[in-house]
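Notes to accompany the following structure.
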Amino acid sequence: MTIRKRLTLRFTSLVSSILLLAFVSIYAFCWLFISSDFYRRLDRKANTTGDMLIRHRLDARLIQQLGRIRKDHLPNQQIIIFDSRDSIIFIANETRPITLSKAILADIRQHKKKDFRQHGFYLSGIRFMTASGQYVVVASAENTYGDEFLRRLIWSLTGLFCLIVGITAFAGWFFAGDALQPMQQIDQTVSAIFPRNRDERLRINKEDDEISRLSSTINRLLDRVAESFRLQRMFVANVSHELKNPLTQISSQLEVSLLNQREPAAYRQTIRSVLDDVGDLVALTHELLQLSQVNQEDATSLLADSVRMDEIMWDIRDEVIATHPRYQINIELGALPDDSDRLAVQGNRTLLATALKNLTENACKFSDNGQALVQMDFSKDVVKVQIQNTGQAIPTADLPYIFEPFYRSRQTADVRGYGVGLSLVERIVRLHRGQISVTSTPGKPTIFSIELPR
């Protein structure tokens, strides 16, 4: 069932329930008023007749004659008086006798008064107490006009109820469609965006309503999706490029070697060159494997170590200098806290070492003097690491993309590498719920800052 149908049904049901309650209340009030008024009139007639016959001892024939000449008779009016033995001592309008059971008469004597209906007649019974015994006076009549009014009222209310429910259903269907029209436009627009035009966005109204906020949210989602598509295309293109170069070199060298008979030394040289290219492919595959492992959803289970950041930084310094003797790495720890626990963070030692080593090697590699400065600050809530170098600044246009896989600017195009290191660093930091940022301005040091929560 569509939302429009559900809204129409619920709106119609609500209005119908309220309307039905109101109409039932109106009918019940009218029925109660008409019935009470008619029983009151019967009660007056029973009292009048009882007073004249029982208390004032008027002749029964005189009472009947007075009754015939009165103009306020009710339709099919009849008055019956019973003595203490339930025998009829007076009856008016003998053409329509009403039979009353002894149980009803006993009930009237017990309760002194009783209003009830029988065979379409309204009856009102009253008990009279005299010295000669108990008498029961019962007045009955048909409430022709009242019943007819109630029948017409119920037909009128039923017809009016059906009419209003129909109008309500139509209005609910119309207004629900009008309210959901922006949703239909959103559905049509979003359906048309993919795959034909990923740059199209939803129109946002000036009114700050739910539809506008939903459109803004969808537009932000589409921006992220478009950015993901762009990164995916760039990733595939870069991977293809990085794989194509060594594979092409391997293929061309082997083809050249097979053209003519060569000396063993030439074959050994070709094999060494091919091994170098294979080594490049292995290194690229290893970096891609590291990148994929950091992306795994269950990688948070790896963050179970208490890692001393000062110790890991000294170990990285020794490893980098051992591999690259010309590099110089200076470490400034700042003011060390009294509590040694503030030097540690919760995480994975191997991953953090990989991230800090990549940043340190890059700082030395792109420095104009092969030096890098590492500054560490240990606060109560976070551990902050800054790695900086002096040299050529990162172009401003490249800063938003340096953490994307395989992205390499023109400045680093001639430097050996695959453009995976910074992307790996960013994902490791994010995995540890930390933040990484970079500032690079011509004439000033380039600084990579990492903040890890303790």
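Read-outs throughout are calculated quantities, based only on the coordinates presented, and are distinct from any laboratory measurement. Here the structure is a predicted model, which means the values were calculated and not measured. As a convention, Cβ positions derive from the backbone with ideal geometry for all residues, glycine included, and neighbour counts pool all protein chains shown.
What the table shows:
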read-out: Likely footprinting exposure, MET183, MET52, fewest C-beta neighbours within 10 Å first; value: MET183, MET52
read-out: Segments 345-355, 27-37, 254-264 sorted - mean Cβ within 10 Å per residue, highest first; value: 345-355, 27-37, 254-264
read-out: Set of lysines with alpha-carbon distance to LYS112 below 30 Å, sequence-local pairs under 8 removed; value: LYS45, LYS71, LYS102
read-out: Gain on full stretching of the segment that runs from ILE154 to MET129 - 0.36 nm per residue minus C-alpha separation; value: 4.8 nm
read-out: Relative contact order computed over region 72-146 (Cα-Cα under 8 Å; 6+ residues apart), in percent; value: 37 percent
read-out: Taking VAL374, VAL190 and counting other C-beta atoms within 10 Å, the order from fewest to most; value: VAL190, VAL374
read-out: Hz values of 3J(HN,Hα) by residue in region 164-181 - Karplus curve (6.51, -1.76, 1.60), Gly and Pro given as x; value: 5, 5, x, 5, 5, 4, 5, 5, x, 5, 5, 5, 5, x, 5, 5, 8, 4
read-out: Surface/4 estimate of mean projected area, convex hull on alpha-carbon atoms of region 3-149, nm²; value: 11.6 nm²
read-out: Whether region 301-453 is rounded, prolate or oblate, judged on the alpha carbon gyration tensor where a/c under 1.5 counts as rounded; value: prolate
read-out: ³J(HN,Hα), Karplus 6.51/-1.76/1.60, whole Hz, each residue of region 41-51, x for Gly, Pro; value: 5, 5, 5, 5, 5, 5, 5, 5, 5, x, 4
read-out: Extension gain from THR248 to MET183, taking 0.36 nm per residue of separation minus the Cα-Cα distance; value: 18.1 nm
read-out: Residues PHE29 and VAL382, FRET efficiency given R0 of 60 Å [Cβ-Cβ distance, rounded to 0.05]; value: 0.25
read-out: Hits among lysines - C-alpha to C-alpha of LYS444 under 21 Å, sequence gap 8 or more where chains match; value: LYS365, LYS384
read-out: FRET efficiency, ASP51 to VAL165 (Cβ-Cβ, R0 56 Å, nearest 0.05); value: 0.60
